[in-house]
Amino acid sequence: MRTLSTPSPALIFPPNSPGFQNGRGSSTSSSSVTGETVAMVHSPPPTRLTHPLIRLASKHQKEQANIDRLPDHSMVQIFSFLPTNQLCRCARVCRRWYNLAWDPRLWRTIRLTGETINVDRALKVLTRRLCQDTPNVCLMLETVIVSGCRRLTDRGLYTIAQCCPELRRLEVSGCYNISNEAVFDVVSLCPNLEHLDVSGCSKVTCISLTREASIKLSPLHGKQISIRYLDMTDCFVLEDEGLHTIAAHCTQLTHLYLRRCVRITDEGLRYLMIYCTSIKELSVSDCRFVSDFGMREIAKLESRLRYLSIAHCGRITDVGIRYIAKYCSKLRYLNARGCEGITDHGVEYLAKNCTKLKSLDIGKCPLVSDTGLEFLALNCFNLKRLSLKSCESITGQGLQIVAANCFDLQMLNVQDCDVSVDALRFVKRHCKRCIIEHTNPAFF
């Protein structure tokens, strides 16, 4: 019989780290890390206890432990809730747990966390173990989540790209050492990849196929990259040209988040709308160069757009809101916090055209008053979340009109607004499930 092996818990934590000692899944970083995270491979645990003293003690343990009475399928179900590092520890308990811990059904996902992990080595050892039945290929692995593992480099992504052709979801947010080349390898060698999170990866400037993959690709293959969900939040080096490349290669995008990509302009959004016509959710929050012209481009998505975040885009005014309201009638969520150019006229046009709106954030829009709230209340009866934080022109009268018409309101933010206690009580009386965030110490 072939002897299998399992990665040690040291694969996940350095031997001297607090996370390793207390057996928890989280890891705390320290200023000086003396122990290097080493990926070790051990043989399966022995079936019997061999030490004489332990054998003597085991004779008195005639009753089986309660957990060992559970059938295999129940144990596998319990193991399915454990993160990768805990699963490796369970594999070291006994022969039965070893066999159950390496059940292929438990290895559709690898989830690693911690700043001190040698994650490149961990991925190499884990994929090698998972490739034993299918040499060099992990057919069962579909999700890899290594967000916050700052020691992840291109080498770790190369391992994933070469061994995981069935990968569908990859999250590497906060791993600032990875570059474009490694991401290109993943999207080129993992044709089923649909979900990619590279938020906070400052070296990533675009998503594309490798040159070799582009040469081999023929028109018969159809779409080049199947990514539908892409999060590039805080990729502040991303420019319009990079966004053009992303749009040209990722034409199936439905969810795109470009928060704080400060170099993006209206021109980049124009490229995006040419190729990616199926976008449902889009965020360009804190992209200070996006203006009303960009809203005109986004409006080309028409009824497909359901979620839009333009928070702190100071160049957007009522004109841009009118574009969105006129063409995107099925919009459900709009975050326009900090867009100080929006007035009651923009809110009126939005309320009359986007009647299915469920969530609206117009905080820090000082030109929005009770008049705008009245239009919302009389048209958007399905409104569930409304943020008016720091709207200086809002009074209790506007809130009462909203509460009297939007009975399903579940969250209301009126922090730093001049609203009386009576108005807040009126809201609570009419919208019983509503959670009110406020700064009035007299209301509780």
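Quick check: with the 1.4 Å probe, what order do 281, 171 take by accessible area, largest first?
Accessible-area ranking of 281, 171, largest first: 281, 171.
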- prompt: How long is the gain from residue 262 to residue 69 if the chain were fully straight, where each residue apart is worth 0.36 nm and the alpha carbon distance is subtracted?
  reply: 63.7 nm
task: Net charge near residue 168: determine it from the other residues with C-beta under 14 Å of the C-beta of residue 168, scoring Lys and Arg +1 and Asp and Glu -1.
output: -2
- request: Give the relative contact order (percent, whole number) for region 324-373; include only Cα pairs under 8 Å separated by 6+ residues.
  value: 50 percent
query: Can you tell which of 329, 339, 268 lies farthest toward the positive end of the dipole of region 254-363, using +1 and -1 charges on the Cβ of basic and acidic side chains (Lys, Arg; Asp, Glu)?
result: 329
- request: Starting with the highest mean, order 392-398, 363-369 by the number of other Cβ atoms within 10 Å, averaged over the residues of each peptide.
  value: 363-369, 392-398
task: Please give the length that would be gained between residue 440 and residue 411 if that part of the chain were fully extended, namely 0.36 nm times their separation in residues minus their C-alpha to C-alpha distance (nm, one decimal).
output: 8.8 nm
Lys, Arg +1 and Asp, Glu -1 on Cβ, resulting dipole of region 78-197 about Cα centre, debye, nearest 20: 700 debye
field: Nearest-10 value in Å² for the accessible area of residue 332, using the 1.4 Å probe
entry: 60 Å²
message: What number comes out for accessible area per residue over region 66-113 if the probe is 1.4 Å? Units Å², please.
response: 53 Å²
field: Across 356/432; 203/358; 326/432; 326/389, pairs whose alpha-carbon gap is larger than 30 Å
entry: 203/358; 326/432
statement: Largest-first ranking of 312, 438 by accessible area, probe 1.4 Å, whole protein assembly kept, is 312, 438
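The values are calculated or read from the model by the stated rules, or taken from the named source; none is laboratory data. Quick caveat, the model's predicted, so the values are computed rather than measured. Note that we place each Cβ from the backbone using ideal geometry, even for glycine, and neighbour counts take in every protein chain shown. Accessible surface areas use protein heavy atoms only, side chains included; no ligands, DNA or RNA. Shrake-Rupley method; radii C 1.70, N 1.55, O 1.52, S 1.80 Å.
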